[in-house]
Protein chains: 2
Amino acid sequence: MSGSSDSEVDVLIVGAGPAGLMLALWLSRLGVKTRIVDKRTDKVFSGQADGFQIRTLEILDSFGVGERVWKEANHMIEVSFWNPDENGTIKRNNTAPDNMPGMSRFTECVLHQGRMEAFFMDAIAASYPHPTGVPPLKVERMVLPTSLSIDESKADDDDAYPVTVTLRHLTEEEATPTQKLSNLSDGLFRSNLAGDDVEAMLQKSEARGGAREETIKAKYVVGCDGAHSWTRKALGPDYEMQGEMTDYIWGVLDIVPITDFPDVRNRCMIHSASNGSLMIIPRENKLVRLYIQLSEVSTGQGRFDRSKITPELIFNAARKIISPYKLDYHYCDWWTAYQIGQRVGNHFSKHDRVFLAGDAVHTHSPKAGQGMNVSMGDAYNLGWKLGLVCKNVMQRSILSTYELERKQIAKELIAFDHKFSRLFSGRPAKDILDETGVSMEEFSKAFEMSHMFTSGVGVDYSPSALVSKPEEQRLIPEEDDQEIKSDQQAVPSNAQSTLDLATHCKPGTRFPSFQVVAQSGARPWQLHHKMPSDGRFRVFVFGGDVSQASQRDLVNTFAAELSAGVITKAPKASLSPGADPHAGTLRFKMDQPPSVIDVLLVHNAKRMEIETLRDLHEVYHPFDSKLGWDYDKVFVDGESYHDGHGHAYEGYGVDPQKGAVVVVRPDGYVGLVTSLDEAGRKEVEKWFGGVLRMA
Amino acid sequence: MSGSSDSEVDVLIVGAGPAGLMLALWLSRLGVKTRIVDKRTDKVFSGQADGFQIRTLEILDSFGVGERVWKEANHMIEVSFWNPDENGTIKRNNTAPDNMPGMSRFTECVLHQGRMEAFFMDAIAASYPHPTGVPPLKVERMVLPTSLSIDESKADDDDAYPVTVTLRHLTEEEATPTQKLSNLSDGLFRSNLAGDDVEAMLQKSEARGGAREETIKAKYVVGCDGAHSWTRKALGPDYEMQGEMTDYIWGVLDIVPITDFPDVRNRCMIHSASNGSLMIIPRENKLVRLYIQLSEVSTGQGRFDRSKITPELIFNAARKIISPYKLDYHYCDWWTAYQIGQRVGNHFSKHDRVFLAGDAVHTHSPKAGQGMNVSMGDAYNLGWKLGLVCKNVMQRSILSTYELERKQIAKELIAFDHKFSRLFSGRPAKDILDETGVSMEEFSKAFEMSHMFTSGVGVDYSPSALVSKPEEQRLIPEEDDQEIKSDQQAVPSNAQSTLDLATHCKPGTRFPSFQVVAQSGARPWQLHHKMPSDGRFRVFVFGGDVSQASQRDLVNTFAAELSAGVITKAPKASLSPGADPHAGTLRFKMDQPPSVIDVLLVHNAKRMEIETLRDLHEVYHPFDSKLGWDYDKVFVDGESYHDGHGHAYEGYGVDPQKGAVVVVRPDGYVGLVTSLDEAGRKEVEKWFGGVLRMA
């Protein structure tokens, strides 16, 4: 060992793929002292994941990154189903929207993972200088952990750094995978048909000697290090992936196709009569991704001949399936092959000090475009919780909700993938009596039914201190609901939601976005754009017609009591660099950090009849001695000059006569729905009491 | 002289403000060998121009830059008019949309000039590597031209470099204006109340001795060097600014206001009873710009006491006008003062070899937010013309249309500003009998009438080879129409437009944008997004219901003849780096450069009844041996899955039964409207014959 140094960090992230970078982005915005290490020399340049689901785009948009994906990506609007006709020739027999209309302002889109990684790095850099003065977080490449231990005696000590990790710094040569030299020479690199390369890297490094090592102490460590997760293995033999492999082998090709197949710019599901199945995913840059079933290499006994898998083999299989249409290419960007398997980790964390996220705890087939999304979803769920606990804003007990919430999603994903993969890989039924074949009606129906799940919008977290709802209120009762119910126990919220006050704001689901008009300035906004991922909780007050004195009194009394109570008692912290992703970076600093509870009023009075300062309590226009009154907290559900009416009350399911109060977590999920009165205000206090560290 | 070197460039741009950078962006996209020099050490960091008009946003969007402005800027949605009530207290007596609804997908917005300059530089960098292999264009700062001459004998020689310019390279110290050291110490820097600093710079440089000079030969030189334009002066005494100054002195403050004035986030026009007028422009970053009339320093004889002008004086004037509301601030970002004047240069070019653009040929008051926009508009008009002439795509005679088209706009601008400034600076009329006062009804009406002009959407260029229309067809007959008619003579187009075939596509005006749905992939697109600024001409074929055999024959016959005729004869050139600003950069190269004539079909058959390759001529799906067929040229005027129906035929004023053909210039202005038949095809041939260098 040539060198050794000690250092303390709040969070150490192992792995700088989409999950690790999403987590790093959250922690950079919250100003948490974080390091992120990755064994590779560089980010991904082609291939790998490419599907961006609706909810992922909403999340990226909350960091100001969504537009970059949205602009460069290919938007996936329509899906075509091609099946054999009576002569065995493929024919388009259905088209459908790829995403159910009305779910979001986004639709599914496709862009290669490397661009996303670049966007993440830009967004992380944009978090600095941070008001806390924390040094900028940068990805440390060619760094590999070699040991990890947890001091269990300090696991519940808020101020302790109970995790010790040794990191080895590799040289460029040690860290460069052979595959980088020729992208097309071995497409199986990083596929689940390939082994892991960590051992080889370490051996190379040890043989050379003199590698630099350092030991660091962390409050928290998160393994975002993929299907072969070193972190998971370091947690011991109790940490295992549970699930199964199928016999199906699939090849993947990213090409610029030269083809007369008419739907090549649609997402297509093609089942040929006897040559297997093909999925077409049109991508950016005139690329098209083909997923092709490889019947030649499947032995039927779960084994396959890896040496047989070449781009030519994959391409020839595609050609057969798409025949009689012609298919050729000049440019091939990337290829791989994989065996379909569905596995979930049995534990997502150890002592709520070391966590696993992404492929480290769930693997499945790539064709539903879920992998990168669910991985980023894990990290998005964990990031603010870790950050707010590190910053002494939130109680440490909240961390147990990570496994509660995300293991449930992983299980739902695996159940979905299991069903969908079998339907897609199976041979089309010849007729109604062909029981081993797959009915194309069944497949098409399953696809359409899956929209809520695959979009990410259907996520519905279980009750906990963060989600106040009756236990029986689960949104998606699937046929295999028993199987996917989480085994994690969580402390329930003390507060009680009154669901019928905001019928489309169900606790545990994401608060949807509708257009409202700014009281000051008349600009129409998606309400999501007023909920940047800055670590703040949001209380939406649906105040009804505040031009009526009685209603205005209700709204102002609620605000006054909230202000004197929970807002005074809640911690104040410089959480974010004030970067409002939709209005540029705020160059001028507030005199005082704002409350972690952000209150927004959505009324439906006539806009011209209201003046914010004259009519409304200061909670709705907080004052800062350097920046003056904040005119950006009051919105109208009304007609805009150029963009129509958002019908937000209708969208959120709020009766303007009754009003409602909705508490939204920093990740945009509904925590509580209650009433705009004394009783509701008490529920809000109880809800925050179970979550925040109150003064 | 320590050093001297010769070099040849196609275009030399003097001045790297918004006009110079817009021109540089065009030329970088077209791969033209260009240098751009600026005397300053750096771009603008605060203050200066801030208003982005609708047409400017459309133009920026065509380079892929519009979104960055749109995201960071404050959107200006509503304007309030405040006037004295019967007691002399200001009261809001009207509100109106800041832009007329329905003109565009954009509305006016506000962001400081320095951000725009940064975006330009990023966009220029993104033009490289360029397929022509031209070296990247970079702004050369601290460089000052010291002499300019034109070899008139070579002025009409296409291959000559008839302009000789000597450039002096300054040191950092020589080029740094004193003002940079303390932004607030002298806000009059760069105001029209300040003198020019070029002479001082040169004297400093000469006193020191040893400055590096170089002589370069250019095909074209463009002076984008502001109101004190060195280039204009170098063209000799015949080049002068014509116009007048008023007595009105205005101050400008950019502050983060602390105020209870309820409309501080609206654009406001406040006329006080006796303290003068105030305009409020709400900006990004919680900033607000105040334009304040300074009655204290106006002498009434066109003179003023410059030493009296301080931020305190300006602020106190604002306070008086806005009273009884309170106004304070903690942060002041920038301030300046100016005297209102309206001037236009008598010539915009010399021998069509040296051109003047922006403030170098028109100055006026800043309050209508026109300056930066009209300046960028000049450069946008000139850029593609210069670029396509340099690349031997277009005939040199076309260059005379620059003065024809832009002098007309400058004159319209000055006429508008003259009227608007007087109305805004004038004292409000006490009653109907008060003839020297300004009637507030008149002011408010003038403001609303001005929308078409101030938005930039009303621009309507005169007839020329590029604009085929009857001479009498001018869109905005203003009361002072005689005055603003251009004195430039232009060769008319040989082609004849048939205006009633596309009633909302008037030759000389910008082709508007409506949503259509991609035949392949079903994605909804604004048609503007299929018209990137890449130097290509576009022929829009409104083909009607092509599921009908007779209509399809018409559309395909038109295509076949166009293909055999003008498309074969037109030059082919690698014009742009293939950067489609709305679909990422195309990473894969075409085998052959595409035609400079891009043909797009907009039909209104049922989408599912059409298959591009089966039903349509290859002009609508051009083939490239490396990239295959282009599936991105056929669009449907139909319902989209998520974004409604664009009603494009209605929007463009095309009867689906008749169809139409619209030729659009590379800058998005309509050149010709004709019919979808043999006669129309001949008009298209004639139009291009007058513009391109045909084989």
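Bear in mind these aren't lab numbers, they're just calculated from the coordinates by the rules spelled out. Not measured: the values here are computed from a predicted model. So basically every Cβ, Gly included, is an ideal-geometry build from the backbone, and we count neighbours across all protein chains shown.
Results, tabulated for the structure shown:
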read-out	value
Calculated P(r) tail over 24 Å for region A:292-387, as whole % of Cα pairs	45
Sites B:Asp42 and A:Ala273, calculated FRET efficiency, Cβ-Cβ separation with R0 56 Å, nearest 0.05	0.25
Label point 7 Å beyond Cα along the C-beta direction, distances from B:Ala200 to other copies (nm, shortest first)	6.6
Considering only region A:536-679, percent of DSSP beta bridges that pair antiparallel, nearest 5	60
Selection from B:Trp334, B:Pro282, B:Val673 lying farthest towards where the dipole of chain B points positive, charges on Cβ	B:Trp334
Axis proximity, chain B to A: residue whose C-beta lies nearest, plus whole-Å distance	B:Glu67, 3
Helix-only [θ]222 nm of chain B, DSSP H runs n ≥ 4, -39500 (n - 2.57) each, per residue, nearest 500	-7500 deg cm²/dmol
Cβ charges +1 (Lys, Arg) and -1 (Asp, Glu), total dipole of chain B, debye	1140
Taking the convex hull of Cα positions in region A:509-690, its mean projected area over all directions (nm²)	9.7
Alpha-carbon gyration tensor eigenvalues x 5, square-rooted, for region A:584-695, Å	23, 22, 14
Sorted by Cβ density within 10 Å, fewest first, the residues B:His271, A:His645	A:His645, B:His271
Compactness index (Cα Rg / 2.2 N^0.38 Å), chain B	0.99
Centroid-to-centroid separation of region A:339-402 and region A:492-555 [C-alpha atoms, Å]	28
Positive-pole candidate from A:Asn83, A:Val65, A:Leu30, dipole of region A:1-136, charges at beta carbon	A:Leu30
Using a 7 Å Cα-to-Cβ projection, B:Asp655 label spacings across copies, nm, ascending	5.5
Calculated log₁₀ intensity ratio I(q)/I(0) where the Debye formula runs over C-alpha points of region B:216-263, q = 0.13 Å⁻¹	-0.62
Given charges at beta-carbon only (K, R positive; D, E negative), |dipole| of the protein assembly as shown in Debye	1860
Length-normalised contact order of region B:244-340 in % [C-alpha pairs under 8 Å, at least 6 apart]	46
Cα lying deepest toward the dipole's positive end in the protein assembly as shown, options A:Pro324, B:Ala118, A:Thr259, charges on Cβ	B:Ala118
Range of Cα positions in region A:1-135 per principal axis (Å), largest first	72, 38, 20
Cβ-vector label at 7 Å, B:Ser397, separations to other copies in nm	8.7
Square roots of five times the Cα gyration tensor eigenvalues for region A:244-340, Å	23, 14, 12
A:Asn346/A:Thr310 FRET efficiency (R0 45 Å; Cβ-Cβ; nearest 0.05)	0.75
Where labels lie 7 Å past Cα in the beta-carbon direction, separation of A:Ala679 and A:Glu609 in nm	2.7
Debye intensity ratio in log₁₀ form over the Cα atoms of region A:633-695, taken at each q of 0.26 Å⁻¹	-1.19
Over 23 Å (Cα to Cα) - which of A:Lys385/A:Lys407; A:Lys411/A:Lys530; B:Lys138/B:Lys572; A:Lys569/A:Lys658 fall in this group	A:Lys411/A:Lys530; B:Lys138/B:Lys572; A:Lys569/A:Lys658
Compactness of the protein assembly as shown as Cα Rg over 2.2 N^0.38 Å, two decimals	0.96
Alpha carbon centroid spacing (whole Å) that separates region B:670-695 from region B:26-83	34
Taking only Cα atoms of region B:348-463, radius of gyration then Dmax in Å	18.0, 64
